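Heads up: the structure comes next, in structure tokens.
Here, each number is a calculation from the coordinates, and none is a lab measurement. Since this is a predicted model, take the numbers as computed values, not measurements. Here the Cβ positions follow ideal geometry from the backbone for every residue, glycine too, while neighbour counts run over all protein chains shown.
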Ligand SMILES: Nc1ncnc2c1ncn2[C@@H]1O[C@H](COP(=O)(O)OP(=O)(O)OP(=O)(O)O)[C@@H](O)[C@H]1O
Ligand SMILES: Nc1ccn([C@@H]2O[C@H](COP(=O)(O)O)[C@@H](O)[C@H]2O)c(=O)n1
């Protein structure tokens, strides 16, 4: 997951490949609660691992359920319809799919519970559910603003006396989650037939279909008359199915369906696995909307394949009540359409993680689009000409879907980058979204930004480059380590490091079995991280690096680090030879005395005893060889910015490099 303050997506062009999507949030949290309310143990496979499911799992543990997790498989040992713990303070984060059904289930079971969440959760309405629960006879109190969490349930010792004779009326026109909550809670008390009547036009019916489908898997068959009246039969009782698989998330699929429709088709198709035409999720109908806009979509029961069809995409005017979450993706697709697109019946967007109608309109305007918004609709004019597009920094409102949708703007025909602020907000449903997107996206190499940090020995290049890469979410190339590993491989092969063995060492370098993983360096299965860090290894690296054929042999390996979303490379010739077109080149230096002192401290801290004088002599000898060799000598690139950090801290050095970088961004 990218935990950086922002993620700069370079302009993207093509896309192709297979994506495995995380489990559906709606199904995951429903299944967890149903398993918790059932008796015995339910093994849940392919569970989504996200903020919202973690909130639900934490609550279930607090309530006394058994929870054993291994990867994406979780075993829930349920409560069999009886509370084990009758008092708890439950943190619900911003998970609507957790707070609503838990409120209903705990309210009908009795006990004394408080449920609260993050500030945005306290702005999300729950009044219609509370009204329905109060009709039933449950004790529910608002401890903050009326109509919104936090809530206190019960608190009077004895379980509530429920009035089940009359139909329980609940509004269905704000959120379908209130009806879902009742449908999941009332089987716990169905000593007689329990009837729920929906007041107003029920929105988001497909989510109710998911609820009914899953209830059936757990032994509850609800009788339904249209979408207005639901009856839970007397004697209903939760029965665990033993094992259950969670489908991949159909709304997460929408970004990749859109990707297939937008990205140039040369790179092939986008294949989505884990969800397909047999999905029980309503958002699978996003496929129909994408086809209307021109996407070519083929599919099987649990897979989809998408490629670009009509281009530009076709503008649509669509009632999106059946796909409220996935419809946000259509709004960004509309930027690539041949006319204005209107998405209607989306009032529920206003009460989601943020006011999504306002958020989408505001952020699309930053990209240059003309957007009209109403209480329950949004109309987007396409950005027909490349010149209409603007590079924008997209605010994401702690809303995963805003972040994911706007990543698709990186395919703009103007070749502009897009900044996504707070990219970790995708953790709500799809923690590895950006990694997945970038793994199937392509762009011209020249679009992938590179920052070069060159300079003499021990000037702090590695330290600064690693920190800059971490702040930007970029890859890191330690080119010196390649020369160090090559020298080690040569000595392991019994090759003296001299011109007589240049060809043999170059051959070795060309197929060097080196791997850089999690801060470690591996040579053919050996962890050589520490071994290559000695002063002797540095000196050998300097000798090997003076051999021209060895340098040539290592070029392709260094270029292979230039991957999306960007690279920070440290070495001696990053800016002069390896990445001469780099977007930013920094030549980092410090006085020899300062560098010798730093290296001394570094080695002493590792328990290696040495003297400052000998280190200074070594590093000056190394710099002299590196600067005077015939190929790729150490020197600042003509367009490098010089940074002498003798008198400044690591943090100041990093901030300076980032400030230079920011100064070159178009946002
Ligand atoms: N202002 C500073 N900027 C960067 N590094 C500093 C600074 N002050 C102290 N250091 C320390 O200097 C030491 C040398 O840094 P580092 O190993 O990153 O240098 P390098 O240039 O990559 O070395 P080499 O050329 O051997 O690869 C580290 O222990 C680092 O913490
Ligand atoms: N781009 C580079 C990087 C390194 N070298 C040589 O390798 C030696 C070790 O490098 P460190 O950065 O790990 O200290 C260095 O002294 C150079 O001789 C290089 O030539 N080009």
How tilted is helix 535-545 with respect to the longest principal axis of the chain? Cα atoms for both, answer in degrees (0 to 90, nearest 10).
80
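For segment 49-98, count the residues as N, evaluate 2.2 N^0.38 Å, and divide the Cα radius of gyration by that value, please. Walk me through the intermediate numbers first.
Numbers: Rg = 11.2 Å, N = 50, 2.2 N^0.38 = 9.7 Å.
For segment 49-98, the normalised Cα radius of gyration comes out at 1.15.
Pull out the extension gain between residue 534 and residue 67, defined as 0.36 nm times the separation in residues minus the alpha carbon to alpha carbon distance; nm, one decimal. Don't skip to the end; give the middle numbers.
Values: separation 467, 0.36 × 467 = 168.12 nm, distance 4.75 nm.
Fully extending the segment from residue 534 to residue 67 adds 163.4 nm.
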Sorted largest first, the Cα spans of segment 204-348 on the principal axes come out in Å as 57, 32, 17
Expressed as an acute angle from 0 to 90° and rounded to the nearest 10, what is the orientation of the C-alpha long axis of helix 250-262 relative to the principal long axis of the chain?
50
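Run through every distinct alpha carbon pair of segment 433-533 and return the Kirkwood hydrodynamic radius in angstroms, one decimal place. Write down the numbers at each step before the final one.
Values: mean 1/r = 0.0628 Å⁻¹.
The Cα-based Kirkwood calculation yields 15.9 Å.
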Rg(Cα)/(2.2 N^0.38 Å) for segment 522-568, N = residue count:
1.39
For segment 120-236, what percent of Cα pairs sit more than 23 Å apart?
30
Scattering from the C-alpha atoms of segment 554-602 alone, worked out with Debye: what is log10 I(q)/I(0) at q = 0.29 1/Å?
-1.10
Using only the Cα atoms of segment 543-667, what are the Rg and Dmax in Å?
16.3, 49
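Among 122, 400, which comes first, second and so on when ranked by fewest other beta-carbon atoms within 10 Å? Before the final figure, lay out the partial values.
On the way: 122 16, 400 28.
Fewest-to-most ranking of 122, 400: 122, 400.
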Normalized C-alpha radius of gyration of segment 413-470, against 2.2 N^0.38 Å?
1.52
Fewest-first ranking of 341, 610, using other Cβ atoms within 10 Å as the exposure measure
610, 341
Evaluated at 20 °C and 1.002 mPa s, the Stokes-Einstein D of segment 2-117 based on the Kirkwood radius over Cα pairs, in µm²/s, stands at 137
With only alpha-carbon pairs counted, each pair once and no self-pairs, how large is the Kirkwood hydrodynamic radius of segment 270-324 in angstroms?
11.7
Counting just the Cα atoms, what span does segment 25-245 cover along each of its three principal axes? Round to the nearest Å and put the largest first.
43, 37, 34
Could you list, bin by bin from short to long, the percent of Cα-Cα pairs of segment 302-447 in 10 Å steps?
11, 42, 39, 8, 0
How many percent of DSSP beta bridges within the chain run antiparallel, rounded to 5?
55
Sort 352, 314, 520, 461 so that the residue with the fewest other Cβ atoms within 10 Å of its own Cβ comes first and the one with the most comes last.
520, 314, 352, 461
Kirkwood Rh (inverse of mean 1/r, distinct Cα pairs), segment 1-46, angstrom:
14.7
Which value results for Rg/Rh of segment 445-599 when Rg is the Cα radius of gyration and Rh the Kirkwood radius based on the inverse mean 1/r?
0.95
Taking max minus min of the Cα coordinates of segment 337-387 on each principal axis, largest first, gives extents in Å of 34, 19, 12
Measuring from the longest principal axis of the C-alpha atoms of the chain, the long axis of helix 461-472 (C-alpha) lies at a number of degrees, nearest 10, equal to 20
Multiply the residue separation of residue 613 and residue 85 by 0.36 nm, subtract the distance between their alpha-carbon atoms, and state the gained length in nm to one decimal.
183.3 nm
Computed P(r) (all Cα pairs; segment 125-178; 5 Å bins; percent):
4, 20, 26, 23, 19, 6, 1
First obtain the Kirkwood hydrodynamic radius of the chain from its Cα pairs, then insert it into the Stokes-Einstein equation at 10 °C and 1.306 mPa s, and state the resulting D in µm² per second as a whole number.
57
